[in-house]
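Enquirer: First, the structure itself, so that you have it in front of you.
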Amino acid sequence: MKMLPRSAFGQTVLLICFLLFINQIVSYISFAIYVFEPHQQQINQLLAKQVRVVFIDIDDARLSPKMAKAFHNETDIGVYRESDAMSAGLANAIVYPYRSEQMSLLLGGPTEVRISDGDAYLFWIRAPQAPHLWVKIPINGMEKSSISPLIFFMVVIGLLSVLGGWLFVRQLNRPLKSLEIAAKNVGRGNFPDPLIECGTSEVMAVTQAFNQMSKGIKQLEEDRNLLMAGISHDLRTPLTRIRLASEMMNEQDAFLKEGIEIDIDDMNNIIDQFIDYIRHDSKDQAELGDLNELVEDVVNVETPNDRVIHIHRGECPKIPLRYVAVKRALANLIQNAIRYTEGEIDVFTGTEDNFAFIMVSDNGDGIPVSDIERLFQPFTQGDTARGAEGSGLGLAIIKRIVEAHGGYVSLLNKPSGGLQAKIYLPLTSK
């Protein structure tokens, strides 16, 4: 069901609440059956005996009034006609059908029981021995047997149990929350310090395995960076020698020289893209920055003399930015738009939901919908729509940088023609 919590924390607290609720119901019923009901039976039997005593028939007429008066003085039990009983408090008494049934069985005939409370509980009983009379029997201390303290006690115990269970489960799940945050950081290319191994034995085992995995991934990342740096250095050395050799070529071989220099520049650009993809500025710390200022800086640098790029600034608060990395991502988008399209280019900024966005819109031929997801993979190039130059790492680099920020990238063909490339960055750090 959608109403049920999805997290282990919420499900555990819900289970504790459910079990506690069942326990409270069972305790309440058990108290009613084994404590409250026997207590009420004892009171009923006591009342029935008192009523029988009141209606004892004494043969000696002289003794009977004295006995009745003495009995009334000692016990405060009185016998009233209905009119007198009404003025003495019967009118404010409440009828109790269940007690009436119980007293009917004890007194051997139809009996009505009413109760009024005040300084003492007053039981008004119309017994079958004298249906035209009401017997008033006061009982002190009945208020102590009220069930309200029991309900209050059960509610307090329930709340304390739920609070204790919540604190216990929260403490139990705290290492899992730390594990979740660390896993997200590793997914973005950030390797945190090893997590403290605490909690239950199962959680400690998972934390230990995660620390080992994180250490292994970090080592692989460092080895890959070292390998790429070595390859890049080794490639640039012969490229430099080739460029020097081409400078010494004769003028009649100028067409060959020009081709060699173009190939060398392309190879250097490809090597730079490899390095950008591997590095993606993972060491750059995110700081609050103005997205509109960043866009203006990039557009001023990347706009060629023969092209026009319009900036449409939207309301955007300062957000956490890895400034150099985001500039590189936006520069790649603008360079793609310049390389594969003609005409004006529009750059928009603004906010949507909990994200700030940068959108680069061109008027080119767009990209086939079936190729959009594929273009985010490394070494993937578009077909005729977006050319076939370069290493195919441009969009992969952009995606890697943006996802390291906790954001995402989307490509959308405009109905009027052209492509909209949109970068979403979170408004707050994640």
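Enquirer: What are the pairs with Cβ atoms under 6 angstrom where one residue, in the range 405-430, is more than 14 Å from Asp346 (Cα to Cα) and the other, located anywhere, is charged (D, E, K, R) and open to solvent by 20 Å² or more (accessible area, probe 1.4 Å)? Sequence gap at least six, or different chains.
Expert: Note: pairs meeting the criteria are Gly406/Lys430; Val409/Lys399; Ser410/Lys422.
Enquirer: With Val113, Val79, Val95, Val135 as the choices, which residue is touching a Gly at 6+ places or on another chain (Cβ under 9 Å) and either at pLDDT below 85 or not charged (D, E, K, R) (or both)?
Expert: The match here is Val135.
Enquirer: Moving on to the next point. Can you tell me which residue within the range 179-202, out of those that are more than 26 Å from Ile401 (Cβ to Cβ) and not in a loop (DSSP other than H, G, I, E, B), is farthest from the chain's Cα centre (by Cα)?
Expert: Ser201
Enquirer: Quick check, is Ser161 at pLDDT 85 or above and part of a helix (DSSP H, G or I)?
Expert: Spelling it out, it is not the case that Ser161 is at pLDDT 85 or above and part of a helix (DSSP H, G or I).
Enquirer: Just to be sure I understand the filter: pairs with C-beta atoms under 7 Å, separated by 6 or more residues or on different chains, first member in the range 243-256 and under 20 Å from Met267 (Cβ atoms), second member acidic (Asp, Glu) and surrounded by 12 or more Cβ atoms within 10 Å (Cβ to Cβ). Which pairs pass?
Expert: Arg243/Glu261; Ser246/Glu261
Enquirer: To continue, here is another question. Kindly list, by first and then second residue, each pair from a residue in the range 322-334 that is under 17 Å from Glu287 (Cα atoms) to a residue that is open to solvent by less than 50 Å² (accessible area, probe 1.4 Å) and outside any helix (DSSP H, G or I), limited to pairs with Cβ atoms under 6 Å and residues at least 6 apart or on different chains.
Expert: Hits for this filter: Arg322/Asp281; Arg322/Asp284; Tyr323/Gly289; Val324/Asp281; Val324/Asp284; Ala325/Asp281; Ala325/Asp284.
Enquirer: Taking the criterion of being open to solvent by less than 40 Å² (accessible area, probe 1.4 Å) and among the hydroxyl-bearing types (Ser, Thr, Tyr), would at least one residue in the range 186-207 satisfy it?
Expert: Yes, the range 186-207 contains a residue that is open to solvent by less than 40 Å² (accessible area, probe 1.4 Å) and among the hydroxyl-bearing types (Ser, Thr, Tyr).
Enquirer: Which residues, counting only those in the range 314-330, are open to solvent by 10 Å² or more (accessible area, probe 1.4 Å) and either at pLDDT 85 or above or assigned to a helix (DSSP H, G or I) (or both)?
Expert: If the condition is that a residue be open to solvent by 10 Å² or more (accessible area, probe 1.4 Å) and either at pLDDT 85 or above or assigned to a helix (DSSP H, G or I) (or both), then Gly314, Glu315, Cys316, Pro317, Lys318, Pro320, Tyr323, Val324, Lys327, Arg328 are the ones that fit.
The values are calculated or read from the model by the stated rules, or taken from the named source; none is laboratory data. What you see is a predicted model, and the numbers here were worked out from it, not measured in a lab. Quick reminder, even Gly has a Cβ in these numbers, built from the backbone with ideal geometry, and neighbours come from all protein chains shown. Surface areas here come from the heavy atoms of the whole protein model, side chains and all, with no ligands, DNA or RNA. Shrake-Rupley method; radii C 1.70, N 1.55, O 1.52, S 1.80 Å.
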